Amino acid sequence: MSDLRIRAACPSDVPTVLEFWRTAAEGTSISDDRAGVDRLVARDAGALLLAERDGALVGTVIAGFDGWRCHLYRLAVRPEARRQGIGSALLAAAEERFVALGGRRGDAMVLDRNERAHRAWEAAGYAPEPQWSRWVKPLTAP
């Protein structure tokens, strides 16, 4: 995996990331648009981590820290590059970031229907917490 490079995204990466998510990510998010990802990168320059191989984007994860909790979103690996350790490398980089920022526990947003993701998260040491449910309220019209 020595040819894999993990780095923080910069503003010029946003269009490439959005296109990447259309093919590599499971589902879509209300924030999967240029303005949403631009805000993320501007607010927390280290939160969006990119994995590149030979200059091409092969994986992403958002490792957001609000000062209290560590949140993981949009872990995605290019379909033809899966099962090569890219997701594990991204999670390791995210966890290193969290520890450096003083984080104590990471939590991940994982779709209930995404069985492949469940196996990947379990392999990385994460487990669902059955006593919690996610409650949401859209703040803007779709």
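The numbers here are math on the coordinates, done by the rules we state, and not lab data. Computed from a prediction, not measured in an experiment: that's the story for all the values here. Positions of Cβ are generated from backbone atoms using ideal geometry, with glycine treated the same way; all protein chains shown enter the neighbour counts.
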Between His118 and Asp44, with labels modelled 7 Å along Cα→Cβ, what's the label distance in nm to one decimal, could you check?
2.7
At what distance in nm do the modelled label points of Gln84 and Thr28 sit from each other, each positioned 7 Å from its Cα along Cα→Cβ?
2.8
Could you tell me the distance between the Cα centroids of the stretch 32-72 and the stretch 79-142, to the nearest Å?
13
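Answer rounded, prolate or oblate for the stretch 1-108, using the Cα gyration tensor with square roots of eigenvalues a ≥ b ≥ c: rounded when a/c is under 1.5, else prolate when a/b is larger than b/c, else oblate. Mind showing how you got there, number by number?
On the way: a/c = 1.57, a/b = 1.14, b/c = 1.37.
In terms of gyration-tensor shape, oblate.
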A chain fully extended from Arg104 to Asp66 at 0.36 nm per residue, minus the present Cα-Cα distance, gains in nm 12.5 nm
FRET efficiency, Cys10 to Thr140 (Cβ-Cβ, R0 25 Å, nearest 0.05):
0.45
Would you calculate a helix-derived [θ] at 222 nm for the chain, using -39,500 (n - 2.57) for each DSSP H run of n ≥ 4 and dividing by the full residue count, to the nearest 500?
-10000 deg cm²/dmol
Dipole magnitude of the stretch 22-142 about its Cα centre (Cβ charges: Lys, Arg +1; Asp, Glu -1), debye to nearest 20
120
List the trypsin sites (Lys or Arg not before Pro) within the stretch 1-89 that DSSP assigns to loop and that have no more than 14 neighbouring Cβ atoms inside 10 Å.
Arg69, Arg83
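Tally the DSSP beta bridges in the chain and give the antiparallel ones as a percent, rounded to 5.
Numbers: 17 of 20 bridges.
Restricted to the chain, the bridges split so that about 85 percent are antiparallel.
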